[in-house]
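The values are calculated or read from the model by the stated rules, or taken from the named source; none is laboratory data. Keep in mind that what you see is a predicted model, and the values were worked out from it rather than measured. With ideal geometry, Cβ positions are generated from the backbone for all residues, glycine too; neighbour counts draw on all protein chains shown. Remember, those area values only see protein heavy atoms, side chains included, never the ligands or the DNA or RNA. Shrake-Rupley method; radii C 1.70, N 1.55, O 1.52, S 1.80 Å.
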Amino acid sequence: MCFDSPLYPKQLKEISSPPLLLYLQGDSALLSQPQIALVGSRQCTPYGQEKAYQFAGSLSAAGFTITSGLAIGIDGLAHQGALDKQGKTVAVLGTGLDNIYPKRHSKLAQQIIENGLLVSEFRPATPALPSNFPRRNRIISGLSLGVLVIEASKRSGSLITARYAMEQNRDVFALPGSIDNPEACGCHQLIQQGAKLIVNAQDICNEYNHIPLIKPLITKPKNNQKTAHPLLAHIDFHLTTLEQLLSRSGLDLLSLQNQLIELEITGTITVTAQGYIKLANSTG
């Protein structure tokens, strides 16, 4: 698609250095749909993984097309979260369309071709050169009404996308995390610089309720009658180590491990190599 095509996205024409040529594979009509970019760390925590997937699904249900960069971590989860909710997603590549990077996302890229759109300014067979990815970030933000950063360290490439968004007069949203999580420091920095702090997808929808395609989200009331497992009071939404749980709960190791297995089976916590994390859908 050439810059002078009547189908060239108006949002992208507004940026200071729009690509003169776009290579497309999939549903090109999505370029004119309201898009929200979801970006974040490649080394995301289980909390970031959960939130990227949830926000993408919720924003898709509200009527947004989810745009990201097909990278591992937050990007891939954002694309998958949209697809799993029968929503639409746009992936902007830093390679040629016939050279999917990373290779592990080849299957995801095929899903996007069938239910979304791949976009690149790079001609076919272009390899994954490091300099390509900051360039593609300006397209991610340029196509979008706003950019949501889920998790980002202070040196994350996601902050480049956020900087482009600010320069392009796009909205920048950031999800707060634990102050002890280095992968959340970039989000906290963005909030200090004026990004809008987001706690749920409705916060973003409220910014665009003037757009006819955007629907308000209906949130289900929480069932507070379910009794919380007593051990949940000692597990944080960020990482809690086994040593911390032994100290906080006063339980012996065998009893603690049995209860942790029970919570993991019921989907109340997630387990990592470093410890345990309470999930948002848990009670207590």
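Quick notes on this one:
- Residues (surrounded by fewer than 24 Cβ atoms within 10 Å (Cβ to Cβ) and in a helix (DSSP H, G or I)) located in the stretch 165-185: Met166, Glu167, Pro182, Cys185
- Residue pairs meeting the criteria (Cβ under 7 Å; at least 6 apart or on separate chains; first acidic (Asp, Glu), in the stretch 18-39; second assigned to a strand (DSSP E or B) and open to solvent by less than 50 Å² (accessible area, probe 1.4 Å)): Asp27/Gly116; Asp27/Leu117
- Failed criterion for Ser141 (all others in (1) open to solvent by less than 30 Å² (accessible area, probe 1.4 Å); (2) modelled with pLDDT under 95 hold): (2)
- Among the residues examined, Gly57 does not qualify as closer than 23 Å to Ala174 by Cβ, in contact (Cβ under 8 Å) with a residue 60 or more places away in the chain and under 12 Å from the mean Cα position of the chain (by Cα).
- Enumeration of residues in the stretch 60-77 that are in contact (Cβ under 8 Å) with a residue 60 or more places away in the chain and part of a helix (DSSP H, G or I): Ala61, Ala62, Ile74
- Qualifying residues in the stretch 116-135 (those that are assigned to a helix (DSSP H, G or I) and under 18 Å from the mean Cα position of the chain (by Cα)) - the one surrounded by the most Cβ atoms within 10 Å (Cβ to Cβ): Phe133
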